[in-house]
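Down below is the structure, laid out as structure tokens.
The values are calculated or read from the model by the stated rules, or taken from the named source; none is laboratory data. Note that the structure is a prediction, hence the values are computed from the model and not measured. When we count neighbours, we look across all protein chains shown, and the Cβ atoms used for this are built from the backbone with ideal geometry, even at glycine. Please note that ligands, DNA and RNA were not included when accessible areas were found on the heavy atoms of the full protein model with its side chains. Shrake-Rupley method; radii C 1.70, N 1.55, O 1.52, S 1.80 Å.
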Amino acid sequence: MSQSKFPARIRYEYEQDPAARLQYAHGVWGGINPQGEIEINFYLESDKLPQFSERQVEPDGSFGQEYVPFDEDVRVVTRRIHSKVVLGYHTARALQEWLEEKIDMLDMEEEGGAPFTIEGPGGLEQ
């Protein structure tokens, strides 16, 4: 029986999809889907835009005050989902560990520890 030889190293080369873009998130909404995966929906919050606004036109033709209809008792906030990520169990665990490591580094910086540096290694692995 022959024994297979494994490579001494595995190199991961990174490419960015041309369609990838930077997204800012105010929060996340999600849970466990029927397939047992974690779905994460990143969203950005903003006040809901009114359906319309109106301006008073003065007798001389100049614009007066702008009126925007709104309900004083209810503030409507729109959460626009801009990205959805689905993770399997092992990737979710790896993400958790990666985030904890990065948060610990930020905590150290906040406490006056080591200066912030962008590291070479330290990617997320499954």
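I'd like the residue in segment 44-74 that is part of a loop (DSSP other than H, G, I, E, B) and among the small types (Gly, Ala, Ser) and, out of all such residues, is farthest from residue 24 (Cα to Cα). Across segment 44-74, the extreme among qualifying residues is 61.
Restricting segment 80-103 to residues that are surrounded by 11 or more Cβ atoms within 10 Å (Cβ to Cβ) and of a type in the set (Val, Ile, Thr), the residue that is nearest to residue 26 (Cα to Cα) is 81. Across segment 18-31, the number of residues qualifying as under 12 Å from residue 85 (Cα atoms) and either charged (D, E, K, R) or open to solvent by 100 Å² or more (accessible area, probe 1.4 Å) (or both) comes to 1.
For segment 66-79, enumerate the residues that are surrounded by fewer than 10 Cβ atoms within 10 Å (Cβ to Cβ) and at pLDDT 90 or above. First the steps, then the outcome.
Step one: filter segment 66-79 for residues surrounded by fewer than 10 Cβ atoms within 10 Å (Cβ to Cβ), giving 66, 69, 71-75, 77.
The answer is 66, 73, 74, 75, 77.
Quick check, is residue 56 out of contact with any His (no Cβ under 8 Å at 6 or more places or on another chain) and either open to solvent by less than 100 Å² (accessible area, probe 1.4 Å) or on the phi > 0 side of the Ramachandran plot (or both)? Here the answer is yes, as residue 56 does meet what is asked.
Inclusion of residue 82 among residues that are in a strand (DSSP E or B) and of a type outside the set (S, T, N, Q) is warranted.
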